[in-house]
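Participant: Mind looking over this structure? Questions follow.
The values are calculated or read from the model by the stated rules, or taken from the named source; none is laboratory data. Keep in mind the model is a prediction, meaning the values are calculated, not measured. Every residue, glycine as well, gets a Cβ built from its backbone with ideal geometry; the counts of neighbours run over all protein chains shown. The protein model used for the area step is the full one, side chains on, heavy atoms only, and it has no ligands, DNA or RNA in it. Shrake-Rupley method; radii C 1.70, N 1.55, O 1.52, S 1.80 Å.
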Amino acid sequence: EEFADMSNAQHPTYVHLCSLAREGSTLASIGALLSWDQETYMPPAGADGRASQMSVLAGLIHERRIDPKIGEAITVCEAQVGKTIAPESPEAANIREMRRDFDLATKLPRSLVEDWAKTTSQANDVWKKARAQRKFKDFAPWLEKVFALARQKAGCYGWDSTGEPYDALLNLYEPGVTAREVETVFTPLRKRLADLIARVAASKSKVDTKALSIPVDPAVQHAFNIAMLGAMGFDLNAGRLDVTTHPFCEGLWAGDTRLTTRYKGDRWVDALYGTLHEMGHGHYEQGLPKGDETIGGTPLAEAISLGIHESQSRMWENFVGRGRPFVDWLLPQLKKKYAKGFAKVKAPALYAAVNTCTPSFIRVEADEATYNMHVMIRFELERAVLRGDLAAKDVPGEWNAKYKEYLGVKVPHDGVGCLQDIHWASGLIGYFPTYTLGNLYAAQLWETIGKKNPKIETQIAKGDFAPLKKWLNKNIHTHGRRYRAAELCKRLTGKPLSADPLMRHLEGKLSAVYGI
């Protein structure tokens, strides 16, 4: 896995190009900080002012990113690839990715960029209130506004003649992937998952999950989760954990990665595994070479794709966190911190409890087997709304119908239904498929890691997470956007992306838990 180091080519125009890119990234990090503040500590009355701030800043960032000097420098550097810059070098990849970013940015007018930033900031605030009050009708007009702007963005970006508008937005998060390709992966996977879920439902085995609902004060949970982050290698000197409505990770800059989670007193397990999920993102952000003075602020210091990013969060949450070795290590920590409630809990029972397969309403709290059904529902709905086949006001009805069809559950209200995710309010349309792609990448990478390091489970059982983190840092994080997701997967695993590793993982685990 040791790929070539940075080449020695440091063409003066290339150095200048990196400095220009760094300026835009610095401004973008300020915007990310404003967004983080809005979701954590900003007073409710500050929403309108923040929307205006975000709009102005978005315009400034856009102008910086479409500066003709950047385009001119890219052209000069492209001419040097194959001459002073080696075609397979990191610099060549950096030039390729800066060309991609510049071409995408120049397709958007500043007015649309500013309108997008202001509208999504306002929509976020409306969504929070609508979710709390379970009133979709209050959010519906804003959902329509966001999707209308998303259609405009897609039109500016354009898409292949055989594709659709969704492709233009999906490309922002998973470069080169189309909606049709996602559909080709999702359709057979949904059938395999549905069959597995049905087999579990038919099983006579019942799993005792009472340990998952042992009451724990949220403040105590927060302290415990911070301790878990430190024990698992997240650098708390360069990051922090806060509370928000919808958990997320924000990698602001070198030395500053913010994680968030949420708490319920009677569901310590949801906050813990949600924190592990965001920690996986945080490991990626802290592992990127953002502090490198030569490439910080350029694509070589950014994540490859959201699918690869999600592979990191899902790996730490599920392949590590829900594995028996981790549970064996975790339980003594729980007993030490939550002495009374966990005194009688046994590791085999806790392992089974955190690996149940039970259809539910909430995506971020869903088990591994049913989780992808949640993602597929959102993919189908946002694709339909973007095409104009489904009106925004009709989303709740279609949402509830699909939850009944795919998961067999009746959604009681919109608060746990179509209002549960922040993504559409934030304008993250085209994002959802990356969650399932992340699960697929995680499973394939996990099999490879197990072959490369047969001691990995023994290490985890002892609370030694450093070898895993080191492997991920070296083979994924440090390369930034040098390799596209599919290429990196092939380089590391020797195979193109496949659903088979994920199904082997799920079938093996659930067979053990349910005896199917």
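Participant: Go through the stretch 1-107 and tell me which helices (runs of 4 or more DSSP H), entirely inside it, have 2 or more residues that are within 22 Å of Lys290 (Cβ to Cβ) and within 26 Å of the chain's Cα centre (by Cα). Before the answer, list the steps.
Facilitator: Details: elements: 12-40, 47-65, 68-80, 90-105.
Correct list: 12-40, 47-65, 90-105.
Residue by residue, here is whether (1) open to solvent by less than 50 Å² (accessible area, probe 1.4 Å); (2) free of Cβ contacts under 8 Å to residues at least 60 places away in the same chain; (3) closer than 26 Å to Arg180 by Cα holds:
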| position | (1), (2), (3) |
| --- | --- |
| Glu144 | no, no, yes |
| Leu149 | yes, no, yes |
| Lys153 | yes, yes, yes |
| Pro165 | yes, no, yes |
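Participant: Give the stretch 252-276 a look and list any residue that's closer than 23 Å to Asn473 by Cβ and open to solvent by 20 Å² or more (accessible area, probe 1.4 Å), or say none.
Facilitator: The answer is Trp253, Ala254, Gly255, Asp256, Arg258.
Participant: Pairs only if they're at least six apart or on different chains, beta carbon under 8 angstrom, first in the stretch 314-329 and without any contact (Cβ under 8 Å) to a residue 40 or more places away in the chain and open to solvent by less than 20 Å² (accessible area, probe 1.4 Å), second of a type in the set (Phe, Trp, Tyr) and assigned to a helix (DSSP H, G or I); list them, first residue then second.
Facilitator: Every condition considered, the pairs that remain are Val327/Tyr351.
Participant: In addition: Given the criteria closer than 18 Å to Ser313 by Cα and either polar (S, T, N, Q) or touching a Gly at 6+ places or on another chain (Cβ under 9 Å) (or both), does Gly438 qualify?
Facilitator: Considered against the rule, which asks whether it is closer than 18 Å to Ser313 by Cα and either polar (S, T, N, Q) or touching a Gly at 6+ places or on another chain (Cβ under 9 Å) (or both), Gly438 comes out as yes.
Participant: Looking only at residues in the stretch 380-426 that are among the small types (Gly, Ala, Ser) and within 25 Å of the chain's Cα centre (by Cα), which one is nearest to Arg199 (Cα to Cα)? So that I can check it myself, show each step before the final result.
Facilitator: Start the filter on the stretch 380-426 by keeping residues that are among the small types (Gly, Ala, Ser), which leaves 384, 388, 391-392, 397, 401, 408, 415, 417, 425-426.
If we keep only those that are within 25 Å of the chain's Cα centre (by Cα) as well, we get 384, 392, 415, 417, 425-426.
Numbers: Ala384: 31, Ala392: 35, Gly415: 30, Gly417: 26, Ala425: 36, Ser426: 37 Å.
That would be Gly417.
Participant: Does the stretch 423-439 contain at least one residue that is aromatic (Phe, Trp, Tyr), open to solvent by less than 40 Å² (accessible area, probe 1.4 Å) and in a helix (DSSP H, G or I)?
Facilitator: Filtering the stretch 423-439 down to residues aromatic (Phe, Trp, Tyr) leaves 424, 431-432, 435.
Still in the running and open to solvent by less than 40 Å² (accessible area, probe 1.4 Å): 424, 431-432, 435.
Next, from what is left, pick out any that are in a helix (DSSP H, G or I): 435.
Yes, the conditions are met somewhere in the stretch 423-439.
Participant: Please determine, by comparing only the residues of the stretch 401-422 that are within 22 Å of His246 (Cα to Cα), assigned to a helix (DSSP H, G or I) and in contact (Cβ under 8 Å) with a residue 60 or more places away in the chain, which one is most open to solvent (accessible area, probe 1.4 Å).
Facilitator: Let us first name the residues in the stretch 401-422 that are within 22 Å of His246 (Cα to Cα), namely 403, 411-422.
Add one more test, that the residue is assigned to a helix (DSSP H, G or I), and what stays is 403, 414-416.
Applying the additional criterion that residues be in contact (Cβ under 8 Å) with a residue 60 or more places away in the chain yields 414-415.
Values: Asp414: 33, Gly415: 7 Å².
That would be Asp414.
Participant: Moving on to the next point. Within the stretch 101-111, identify whether any single residue is modelled with pLDDT of 95 or more, out of contact with any strand residue (DSSP E or B) (no Cβ under 8 Å at 6 or more places or on another chain), closer than 23 Å to Arg481 by Cβ and of a type in the set (Phe, Trp, Tyr), and answer yes or no. It would help to see each step written out before you state the result.
Facilitator: Of the residues in the stretch 101-111, the ones modelled with pLDDT of 95 or more are 101-111.
Retained after the next criterion (residues that are out of contact with any strand residue (DSSP E or B) (no Cβ under 8 Å at 6 or more places or on another chain)): 101-111.
Remaining after also requiring closer than 23 Å to Arg481 by Cβ: 101-108.
Subsequent filtering for residues that are of a type in the set (Phe, Trp, Tyr) retains 102.
The answer is yes, given that some residue of the stretch 101-111 is modelled with pLDDT of 95 or more, out of contact with any strand residue (DSSP E or B) (no Cβ under 8 Å at 6 or more places or on another chain), closer than 23 Å to Arg481 by Cβ and of a type in the set (Phe, Trp, Tyr).
Participant: Out of curiosity, is Lys135 more than 30 Å from His11 (Cα to Cα) and more than 23 Å from the chain's Cα centre (by Cα)?
Facilitator: Details: more than 30 Å from His11 (Cα to Cα): yes; more than 23 Å from the chain's Cα centre (by Cα): yes.
Judged against the criteria, Lys135 is a match.
Participant: So Glu398 passes all but one of these: (1) open to solvent by 60 Å² or more (accessible area, probe 1.4 Å); (2) more than 30 Å from Leu149 (Cα to Cα); (3) assigned to a helix (DSSP H, G or I). Which condition number does it fail?
Facilitator: It fails just one condition, (2).
Participant: Tell me, yes or no, whether the stretch 17-30 has at least one residue that is polar (S, T, N, Q), buried (at least 18 other Cβ atoms within 10 Å of the Cβ) and over 20 Å from Arg240 (Cβ atoms).
Facilitator: Yes, the stretch 17-30 contains at least one residue that is polar (S, T, N, Q), buried (at least 18 other Cβ atoms within 10 Å of the Cβ) and over 20 Å from Arg240 (Cβ atoms).
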